[in-house]
Amino acid sequence: MALPRSPSSEPAKAPLKIVLFVEDEVSTLRFYSAGLRGLHEFKFLLAENGQQALDALKANNVDVVVTDLSMPVMDGFTLITRLTAKYPSIPVLVVSAMSETKAGQEALQLGALRVLSKPPRLSTLMEEIRAAAQRKAEGLVKGISLGSLLQLLNWEQKTCTLTVKSEGRVGMMYLRQGEVVSAAYREHEGIVAAYEILTWELPEIEFVEACRMDRIIDLPVAELLMNVAMITDHSTRSGKATEPGKPKR
């Protein structure tokens, strides 16, 4: 669900960044909608709880998350824990009435970037959102295939999380000591997601030197890459193209 935006006569000079607000109070949502119109370079998305936020993250390339802590279904603490594990490169800002309590410190310990008191000063919140969106990833790789990068990470026995972007698609790959332990793309996880992501040509890859995902992929990197090569070769020879977003099998 997108929040309403003020009309603008100027065409967008660059793709809009996405900020996801996770908030269950309608009054706070209206406050954001009316007060943050100055963020012309952002598209606003809304989730009413942590579970809706995780669903939105599967379908959108989110740049910043702004969340409350007290919410039904899945609270902000659980959401931050999930985000730190699955999307460690996405900065999380907390806006909560509990900011001055131990809860605020707990949110920082779980991985939040900043904790602001509710209601926040709008100018401060806009500054924090812009600053968070401009944070540089720990590493950025271009001009190399994902397979080649995985081989290098395997040789160096790196533990990290990769955010892989290609033609509007975003996938995640998780490595522990050089081996791929998990992957995610849209609603797909594990080996199916890994095969899909590995077929993308020359993607942009960001990496964070952390991995908090459980192992659900048992194939060594060499075997994983060999299988992808066979899948790609078979697809090329048969002339069958996989539908966009649909993993090859």
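Readers should treat all values here as calculations from the given coordinates under stated rules, not as data from a laboratory. Everything quoted here is computed from the prediction, not taken from an experiment. Glycine also receives a Cβ, built like all others from the backbone with ideal geometry; neighbour counts cover every protein chain displayed.
Restricting to segment 17-133, what percent of DSSP beta bridges are antiparallel, rounded to 5? Don't jump to the answer; show the numbers that get you there.
Values: 0 of 17 bridges.
Taking every DSSP beta bridge within segment 17-133, about 0 percent pair in antiparallel fashion.
Stretch Asn60-Asp214 to full length: gain in nm at 0.36 nm per residue minus the Cα-Cα span?
Contour length minus Cα-Cα distance gives 53.1 nm.
In what sequence do Glu201, Glu189, Glu127 fall when counting other Cβ within 10 Å, fewest first?
Details: Glu201 8, Glu189 17, Glu127 11.
Starting with the residue having the fewest Cβ neighbours, the order is Glu201, Glu127, Glu189.
So if we plug the beta-carbon distance of Glu25 and Lys142 into 1/(1 + (r/R0)^6) with R0 = 41 Å, what FRET efficiency do we get, rounded to 0.05? Display every interim value, and only then the final one.
Values: r = 41 Å, r/R0 = 1.00.
The formula returns an efficiency of 0.50 here.
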**When the convex hull of its Cα atoms is projected in every direction, mean area for segment 130-171 (nm²)** = 3.9
**Request:** Please work out the Kirkwood hydrodynamic radius for the chain, using every pair of different C-alpha atoms, and report it in angstroms with one decimal place.
**Result:** 19.3
**Message:** Here is the link list: Lys17/Lys102; Lys17/Lys158; Lys86/Lys118; Lys17/Lys118; Lys43/Lys136; Lys43/Lys165. Which ones come out longer than 22 Å on Cα distance?
**Reply:** Lys17/Lys102; Lys17/Lys158; Lys86/Lys118; Lys17/Lys118
**Fill in**
Of every Cα-Cα pair in segment 17-133, the percentage lying beyond 26 Å is 7
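Quick one: if you take sqrt(5λ) for each eigenvalue of the C-alpha gyration tensor of segment 139-238, what semi-axes come out, biggest first, whole angstrom?
Working: eigenvalues 73, 45, 37 Å².
So the three semi-axes of segment 139-238 are 19, 15, 14 Å.
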**Message:** Could you give the length gained by full extension between Ala229 and Glu41, i.e. 0.36 nm per residue of separation minus their alpha carbon distance, to one decimal place?
**Reply:** 63.7 nm
